[in-house]
1. Please list A:213-220, A:122-129, B:197-204 highest first by mean number of surrounding beta-carbon atoms within 10 Å per residue.
2. Per residue, how much space in cubic angstrom lies within the convex hull of the C-alpha atoms of the stretch A:162-210?
3. Would you mind estimating how fast the stretch A:59-185 diffuses translationally, via Stokes-Einstein at 4 °C and 1.567 mPa s with the Kirkwood radius over Cα pairs, in µm²/s?
4. Using amide H atoms built in the peptide plane, which far-off residues or other-chain residues are under 5 Å from B:Phe238 H to H?
5. Can you give the log10 of the normalised intensity I(q)/I(0) at q = 0.09, 0.16 Å⁻¹, computed with Debye over equal Cα scatterers of chain A?
6. Could you order the peptides B:178-185, A:81-88 from most to least packed, using the average number of other C-beta atoms within 10 Å per residue?
7. Find how many whole Å separate the alpha carbon centroid of the stretch B:238-276 from the alpha carbon centroid of the stretch B:186-200.
8. What accessible area per residue comes out for chain A, rounded to a whole number of Å², with a 1.4 Å probe?
Amino acid sequence: MTRPLLRTNGLCKSFGGIVATDHVELDILPGIIHAIIGPNGAGKTTLIAQISGALKPDAGQIEFNGHDITSLSSSRRAQLGLARSFQVTSVFMPMTVLENVMLAVQGADGHSYRFWRPVHKDSEMLEKSMGYLQQVGLADRARHLAAEISHGEQRQLEISMALAMKPRLLLLDEPMAGMGLEESSRMIRFLAKLREQTTILLIEHDMDAVFSLADTLSVLVHGSVIATGTVKNIRANPEVQRAYLGEEHA
Amino acid sequence: MTAWFPSSISGRCYCVLLVLLAVAPWIFQWTDQPFLLDLLSRGLILAIAATSLNLIMGYGGMVSLGHAAFIGIGAYCVGIPAYYDLYNGWFHLGLTIVVSAVFALLAGAVSLRTRGVYFIMITLAFSQMVYFAFVSLEEYGGDDGLVIYLRSEFPDFLTMQGPVALYYWIFATLLLTLFLVHRLVRARFGRVIAGAKHNEQRMQSLGFDTYRYRLTCYVISGVTCGLAGMLLGNFTGFISPEMMSWIRSGELIFMVVMGGSGFLFGPLVGTGAFVILEQYLPEFMKFLNPSWLEYWHLPFGLLLVLLVLFGKGGIHGMLSKLDSRTRQSDR
């Protein structure tokens, strides 16, 4: 059996009296798209935040690539190859699309204690950045401000920034949120292709997207994982149907 | 149009301004106005300090209400050695750099853990600590300050003696500071600082330890401001804790905001406007009505409020508005 790329071990987090993460055990195998679904308020974003390092768990460990990363800062985790996109678009609005990606490329290059050479004359970095923009189809928007492009394009930018970090594991928090039908289906095709490049942990509300993309599914209800398996298994699982799918299809 | 000459109105203004500053001592000599050279020297020293503040405030989003502490530190790094008859300028310079850097590192390490109003308050607290530390140093004059009888000496290098020589020291330091900031904000380091200003969480998720980058930026800014203090100590020949009071720090913020926060030449023009107003507004008020003299702060404050309300981007912002207007009329 292959060793998991990411493993959470008895992960717990509560806010006041509300248990947002309840002894979560999760194994993410390399090279696949692993989706986490669950009703609103199930604690999906809280889980992602703990994995990326934005929140500290109350108990439990997170192992990444064989290392215990539980106590590492989010910037250290990013350096190790854990990239994330945010549920709420989080790009640098007053900068151009190109400048946004350049920052991500800088992040992947290691330290940025370089005080003298202007970045806009760094042709190697410009080329790299344009390459990532081309990959998501934003090359023609490179000189626009991030604030000027459409919401869907901002989501694409967000993903191209995550890719520019050359991640081993990509955490995508609702990449399709707020997208139109056409944009969504383009994004689905794009993510399907990404599978060859990197492992993806996907949180998504759009069930069509999840069912067509995910190799493995975990269902999160009230902070705990009630089932993990292939799409087929999960659909057939009576507990899942009762707890989650049942509610929606009723 | 040759490429070396800037095409924008604001760029041309700054070019002319720098040329004027370069020849100012001659102009004042011809017109026999040594007082104006004094005023200009003081203004340029403050401009160096304001430019250093702009680096953390304008480009990095770190509004410090304690930046004048570095002016005081630099000045005392000249004054205290001079008290012991140590006038070697290289020693003064080295001491200023080391002490400012250490203070920036300590104060920054604590205050950069906070944001916004808390950052303002902690930087204020640190500068007040330094202020009262020097007030309590009776040996070096305490509240009354310290007289520096001789300027820093740079044997076998350039002299600082005489107002014109000192002016060129100041002018050269200003040019260096502007060039440093210009390069810094365009380099990788500066892009990280800018990114952390807009969205720190995002920068961390891109793998940047933003705290360290900000701290480095704070130290660079503090040392630069310390150099302004070293020049100020030499210029006034008299130093006191008053130089680092929080009111001075507040004035530095005014200068940056008036000129245009986050723009290279903003602090320079802002300081110019500030110094000119401070000098001539009282006289203007006296001219209107002799009894109004002491109320010059009132129109001064009003001007500041108006500028902040309507002049987004300060004086630089207005100049660049002219740019976009002429560009539109070109079409």
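1. On the way: A:213-220: 21.5, A:122-129: 15.5, B:197-204: 19.6.
Peptide ranking by packing, descending: A:213-220, B:197-204, A:122-129.
2. Details: hull volume 3.7 nm³, N = 49.
It is 75 Å³ per residue.
3. 83
4. Correct list: B:Ile148.
5. -0.40, -1.20
6. On the way: B:178-185: 17.1, A:81-88: 22.2.
The peptides rank, most packed first, as A:81-88, B:178-185.
7. Each part reduced to its Cα centre gives a spacing of 24 Å.
8. Working: 11190 Å² over 250 residues.
That works out to 45 Å² per residue.
The values are calculated or read from the model by the stated rules, or taken from the named source; none is laboratory data. Quick caveat: nothing in here was measured; it's all calculated off a predicted structure. So basically every Cβ, Gly included, is an ideal-geometry build from the backbone, and we count neighbours across all protein chains shown. Note: areas computed on protein heavy atoms with side chains; ligands, DNA, RNA excluded. Shrake-Rupley method; radii C 1.70, N 1.55, O 1.52, S 1.80 Å.
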